[in-house]
Amino acid sequence: MTAGVEETRTLRVGLLQTAPVFGAVEENLARIAELHNGLGPVDLALTPELSVNGYGFTPHAETALFTSDDPRLAALVSAGVAVGFAEKNPDGLPWNSYLLADPLTGTRHLQRKLQPVSYAPWNEHLSFQPGTELRTADFPAARIATAICNDMWHPFVPWLAARRGAEVLIVPVASIEGADPARIRRTWEVILEHTAVLLQCYVVFVNRCGTDGGYRFWGGSRVLGPDGSLLAHLGDEPGTAFAELDLTALRRLRADVPLLAEARTELLTGTFGTGDDCEGEQLRV
């Protein structure tokens, strides 16, 4: 490298937008592999929430549960393909989990959904145990974190990920059209753009498509830059796309405009006034 010239660090990510069928594990795995084979060279290829099991709005059969080292997942994970699956829990309900690994270093990143949806039609609290830890992982090009679907509707989750150094936030989801498809799409656009811009990170949103459990999923997988720009985008059918993430530029942005570094985190445990005549109260996290 020439003296005084900053080396550019990039991460090439691929989107694998699939339409998994609930319970059809082998077919779902085969479809992921097929899409990956046609994608071309990427550092990481990302699939939607529960891409292996499908989303059936009902508990998963014991035979459809996986451990994170299940040999049925090994070929995809070792090739840099991230998978969403129902993870076996020896102490009760399974976890809604997402696993990715770097094919060069073997670094693994397993995240369990922190905020299962507790209302209809999802009622995930009846099928999944919530995760207890928000993790980040250092891959060769970037520090990565994962926020699974409803975790993004709780703003402290992506904020904590960014505070812990995450530069790329992976967001695997299973979002349905519902009664007002335009509203749900717009809501996700706002959430993703807000996260990318205010947390100064790349956001990789991977939604599933097709129908499952009687509901239609709208796809729309995309990659956003830290300025909110759209770097890659898919429609409502199975398909692939990729984007090149410039981590050097991202780090320069964070250094020049230190929004995260200057966050007054002491306020999280400080005393907040509730009004001129009211005593303050503690905010605990």
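The values are calculated or read from the model by the stated rules, or taken from the named source; none is laboratory data. Every value quoted in this text rests on a predicted model; they were computed, and no experiment measured them. Cβ placement follows ideal geometry from the backbone for every residue including glycine, while neighbour counts extend to all protein chains displayed. Side chains included, ligands, DNA and RNA excluded: accessible areas come from the protein's heavy atoms. Shrake-Rupley method; radii C 1.70, N 1.55, O 1.52, S 1.80 Å.
Structural descriptor for the range 38-123: relative contact order 27 percent, calculated from alpha carbon pairs under 8 angstrom and at least 6 residues apart. In loop segments of the range 56-122 as defined by DSSP, the chymotrypsin sites (Phe, Trp or Tyr not before Pro) with at most 16 further C-beta atoms inside 10 Å of their C-beta are TYR119.
For the chain, the fraction of 1.4 Å probe accessible surface lying on carbon and sulfur atoms is 53 percent. Here is how the number arises for the chain: DSSP H runs of 4 or more residues each give -39500 (n - 2.57), the sum is divided by the residue count, and the result at 222 nm is -6000 deg cm²/dmol. Judged by the mean number of other Cβ atoms found within 10 Å, the most tightly packed of the peptides 67-77, 217-227 leads the ranking 217-227, 67-77. Per residue, the accessible area of the range 71-189 comes to 41 Å² when a 1.4 Å probe rolls over the protein heavy atoms.
If you plug the beta carbon distance of GLU34 and ALA263 into 1/(1 + (r/R0)^6) with R0 = 41 Å, you get a FRET efficiency near 0.40. The slack in the chain from LEU126 to ARG9, taken as 0.36 nm per residue of separation less the alpha-carbon distance, amounts to 37.8 nm.
For the listed peptides 7-18, 245-256, a ranking on the average number of other beta carbons within 10 Å per residue, highest first, reads 7-18, 245-256.
Determine the shape class of the range 27-102: with a ≥ b ≥ c the square roots of the Cα gyration tensor eigenvalues, call it rounded for a/c under 1.5, and otherwise prolate if a/b is greater than b/c, oblate otherwise. Judged from the Cα gyration tensor, the range 27-102 comes out prolate (a/c at least 1.5, a/b above b/c). Here the chain is treated as an ellipsoid with the same Cα gyration tensor; its semi-axes, largest first and in whole Å, are 29, 26, 18.
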